Each structure stands twice: as structure tokens, then as C-alpha cells.
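The values are calculated or read from the model by the stated rules, or taken from the named source; none is laboratory data. Note that this is a predicted model, so its numbers are computed, not measured. Here the Cβ positions follow ideal geometry from the backbone for every residue, glycine too, while neighbour counts run over all protein chains shown. Note: accessible area is taken over every heavy atom of the protein model, side chains too, but ligands, DNA and RNA are not part of it. Shrake-Rupley method; radii C 1.70, N 1.55, O 1.52, S 1.80 Å.
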Amino acid sequence: MDADNVTKVNIWAIEEIDWDNVFYPLWDDLFGSNYPSMTIGYISALGMPEIKIEIEIHAAKGE
């Protein structure tokens, strides 16, 4: 599978994401202009204290 198979992305972060300088350049490189559906949430903590961001990717491939 590749980026074309990604249908949904959930992002959970405990601190503000640098969208312009970090996130969008990487995201554009991966998906181009065809972004998948996204949910982004800022929360107070994740399951382990050393983790600052969690990205969950859902993908599907037909036969």
C-alpha cells in the first residue's frame, strides 16, 4: 500500500504543532494535494509521558 490508500488520519498532540515549517512540508511530500480526511486534537497527555504526538493512519486497499 501507499499514500493513495490512506483514508483517514487522526493526530493527537500535547503541544502545538509547527504546521508551516514542519508538518505541511512533510505532509505535502507524502500526499501532494490529495489529503486524506483528518482529525487533529490537542490533549493534555498521551499514554506515555515521553510521547508528544500520536498519529493514527487508516488505509484500505481493494482487490
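Overall, the chain carries a charge dipole of about 220 debye about its Cα centre when +1 sits on the Cβ of Lys and Arg and -1 on the Cβ of Asp and Glu, all other atoms neutral. Helical content alone sets the calculated 222 nm signal of the chain at -3500 deg cm²/dmol, taking -39,500 (n - 2.57) per DSSP H segment of four or more residues and averaging over every residue.
Shape summary of the chain, radius of gyration then Dmax from alpha carbon positions: 13.0, 41 Å. Across the range 45-57, computed HN-Hα scalar couplings (Karplus, 6.51 cos²θ - 1.76 cosθ + 1.60, θ = phi - 60°) run 6, 10, x, 10, x, 7, 8, 10, 8, 10, 10, 10, 10 Hz from first to last residue, x flagging Gly and Pro. Per residue, the chain exposes an accessible area of 75 Å² to a 1.4 Å probe, with every protein chain left in place.
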